[in-house]
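Just below is one structure, and these are the notes that go with it.
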Amino acid sequence: MVRKIALVLAAAVVCVPGTATAAAEPLPVVMAALGDSISAGFNACGWYVKCTSRSWSAGDHPGVESHYLRLLALGQGIKGHNLNFAVPGSTSADLVVQAQKAVAARASYVTILIGAQDACVSSESRMTPVAAYRARVDRALAVLAPTGARVFVASIPDVKRLWRIGKDNVVARSFWALGHICPTMLADAASNAKKDQARRDRVRERVQDYNEQLEQACAAYGPGCRSDGGAVFAYPFTLDHISKWDFFHPNADGQRALAQTTFKHGFPWDPAPLTPDAATPDPQAVAP
């Protein structure tokens, strides 16, 4: 599987116009995933459990074809150095601590996907203000900046699309209601009342605002940061990509779609052989 990924990536460099002249980045030796339950692989392999092996970012399950496995296909220096500091339920308020862990682990490549839980709260009034979200992201990036780490930020998925594709599914609606899953968007999922339609539109707009701020924060970080340009938000996912444990989180197929969609918007990595340097894991830094 690793050899297959390597061949695909090599072909992409040859065939995509303009990539041959793009400035290549040295392959990272340590990578870290930051974020919430999506990057932790929650419910991707079992009943309400983390499944970091199936994370779109740092997972090592071959079926997901994560960023880590795609980097491993280009060079073995990163082997075994795929750390995952993402925590289910995390909001933007938790990002600084995760960034500090990535710095302690000497991660030279960091992925960030955060914000769904800032919008998926019990009521609209409890959603994280846009300015607060931006300030928290900026603080986390400021922690990473002195290390020179390359950062990739993924947009937050469109939770209204989830409502749209699941609202007519009785099982999905039952899980959403019983589990109080993202009530700002998914409460009263069968309702077509104007007040509920307006609520969903406002929540979707808040997610779009978060994504805009995330992209701007990435641009402010400089050339060491890449964003997906809203690709995850725009991805036409279906119920086949969603865990049947809760009808909310990506399953293994969804994680694979995330990996594929995001990686092509990332850095042009240089597959040249790695040379020994100081970018080795800190033995005192232990992933949770």
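Quick note: the coordinates plus some simple rules give every number you see, no bench work behind them. Quick caveat, the model's predicted, so the values are computed rather than measured. Reconstructed Cβ throughout: ideal geometry from the backbone, glycine too, with neighbour counts over all protein chains shown.
Result for the chain in a Gaussian network model with C-alpha springs under 10 Å: among 107, 259, 172, the largest mean-square fluctuation is at 172. In this calculation the C-beta distance from residue 220 to residue 188 is compared with R0 = 35 Å, giving a FRET efficiency of 0.35. A DSSP coil position with no more than 15 other Cβ atoms inside 10 Å describes the following trypsin sites (Lys or Arg not before Pro) in the stretch 26-124: 79. Net charge dipole, the stretch 2-270: roughly 200 debye, given to the nearest 20, about the Cα centre with Cβ charges of +1 for Lys and Arg and -1 for Asp and Glu. At a Förster radius of 30 Å, what calculated FRET efficiency corresponds to the Cβ-Cβ distance of residue 138 and residue 180, to the nearest 0.05? With a Förster radius of 30 Å, E is 0.45. Amide H contacts of residue 153 (H built 1.01 Å from N, in plane; Pro and chain starts excluded): 112, 226, 227, 228 sit under 5 Å, all sequence-distant by 5 or more or on other chains. Here residue 201 and residue 270 are evaluated by their C-beta separation; at R0 = 51 Å the FRET efficiency comes out at 0.70. Measure nothing fancy, just the Cα-based angle from helix 194-221's long axis to the longest principal axis of the chain, in degrees from 0 to 90, nearest 10. Compared with the principal axis, the helix lies near 20 degrees. Distance between the pseudo-spin-label points of residue 147 and residue 104 (7 Å out from Cα toward the beta carbon): 1.1 nm. For the pair residue 47 and residue 125, label points projected 7 Å from Cα toward Cβ lie 3.7 nm apart.
Compared with the direct C-alpha span, the chain from residue 240 to residue 164 gains 26.0 nm at full extension, assuming 0.36 nm per residue. Rounded to the nearest 10 degrees, the angle from helix 130-144 to the longest Cα principal axis of the chain is 20 degrees.
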